[in-house]
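Read the structure below first, then the notes.
The values are calculated or read from the model by the stated rules, or taken from the named source; none is laboratory data. Only a predicted model underlies this, so the values are computations on that prediction, with no experimental measurement involved. Counting neighbours? That spans all protein chains shown, and the Cβs are built from the backbone with ideal geometry, glycine included.
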């Protein structure tokens, strides 16, 4: 397994470690997933996300390349702005979802999922028909997500950068904890607010130690991947490999808002995605909550009141805030409206559930 710059720190803190995307990653620490989840909702937590992939795209054809391989319209990005998007494939599915940062006029940063680094890199290289300069910098960057309502208080004491002047989905490059050239990004996948920091691995421990020393008054804690998953699910954020994959289209997944058909943008399989947006799809991703007692899990079948199979659960858990089962899954369009009664089949036993309008945590 690969290690991040923080692996030894996690082990020393007593974290429960497990393989994730080829990396030795912390799933939870000694206080447990529920405590970590609530820490992020109410205070501030730090996630090691150094396993994520980072690709630089440079040169005069950088934008043309990004426009050809991603679904969103990157032409609207100005320097210092970021954008959520995806790589469509030739069959109408999704290679991966990712963030695009406009770093300079002819320099962009793509941040991809850890489990798809090699797959995404090969995809980008094979679809680089315009001669953009590509660099896989995944092993040359560390990343921490500092999330929660008190995150900005802790972070601000460690940087001369005015964090309040960085809007959502924007970033700057500056000094942090005495380290130069840190990307400070107002992004995150928890719905609790906060920033993500990108830095050289040689600065990793300096930044980690500074954060945990400075954040003591706010009750800062390290957070594992278990709480990262429950937090994103309460916000109905998709997870690649569960809610998105090579067979799910962005239109089916409710990601039409990141699927743009502007003039001059000939992205992969544009015609099929345009057709889906115009004519509709045969399934839709919905969120739901269990009204019976039970926990929905990935792969469970979804049925209507008469027992007919109408879909499949893609993500599910017990919500630490709601104290009930919640989940996401694909169903036939007729069952996608909020308030629709459905059944989740758990070992062939139907659990009553109701389609909701996410997110579960406001």
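When residue 163 is tested against (1) under 27 Å from residue 237 (Cα atoms); (2) surrounded by fewer than 19 Cβ atoms within 10 Å (Cβ to Cβ); (3) in contact with a helix residue (DSSP H, G or I) (Cβ under 6 Å, 6 or more places away or on another chain); (4) touching a residue at least 60 places away in the same chain (Cβ under 8 Å), just one condition goes unmet, and that condition is (4). Among residues of region 17-34 that are on the phi > 0 side of the Ramachandran plot, those with a beta-carbon under 9 Å from a residue that is in a strand (DSSP E or B) at least six positions away or on a different chain give the pairs 21/2; 22/2.
Elements of the type strands (runs of 3 or more DSSP E) sitting completely within region 21-135 and holding at least 3 residues that are more than 27 Å from residue 251 (Cα to Cα): these cover 23-28, 45-48.
State whether one or more residues within region 136-145 are without any contact (Cβ under 8 Å) to a residue 60 or more places away in the chain, surrounded by 15 or more Cβ atoms within 10 Å (Cβ to Cβ) and farther than 24 Å from residue 195 by Cβ. Checked against the condition, which is being without any contact (Cβ under 8 Å) to a residue 60 or more places away in the chain, surrounded by 15 or more Cβ atoms within 10 Å (Cβ to Cβ) and farther than 24 Å from residue 195 by Cβ, region 136-145 yields no hits at all.
Where in region 241-348 are the strands (runs of 3 or more DSSP E), entirely inside, with at least 3 residues that are at pLDDT 95 or above and in the same structural domain as residue 75 (by TED's automatic domain parsing)?
Working: elements: 284-290, 301-303, 309-318, 325-331, 341-346.
Counting at least 3 such residues, we get no strands (runs of 3 or more DSSP E) at all.
Among 252, 306, which is the only one that is over 23 Å from residue 190 (Cβ atoms), buried (at least 19 other Cβ atoms within 10 Å of the Cβ) and out of contact with any helix residue (DSSP H, G or I) (no Cβ under 6 Å at 6 or more places or on another chain)? Steps first, please.
On the way: 306 fails: buried (at least 19 other Cβ atoms within 10 Å of the Cβ).
Residue meeting the stated conditions: 252.
Residues considered: 267, 287. Of these, the only one that is surrounded by 14 or more Cβ atoms within 10 Å (Cβ to Cβ), within 19 Å of the chain's Cα centre (by Cα) and touching a residue at least 24 places away in the same chain (Cβ under 8 Å) is 287. Kindly indicate whether residue 344 is out of contact with any helix residue (DSSP H, G or I) (no Cβ under 7 Å at 6 or more places or on another chain), buried (at least 16 other Cβ atoms within 10 Å of the Cβ) and within 24 Å of residue 231 (Cβ to Cβ). Here the answer is yes, as residue 344 does meet what is asked.
Among the residues in region 122-134, are any under 16 Å from residue 52 (Cβ atoms), buried (at least 18 other Cβ atoms within 10 Å of the Cβ) and under 20 Å from the mean Cα position of the chain (by Cα)? Yes, that holds for at least one residue.
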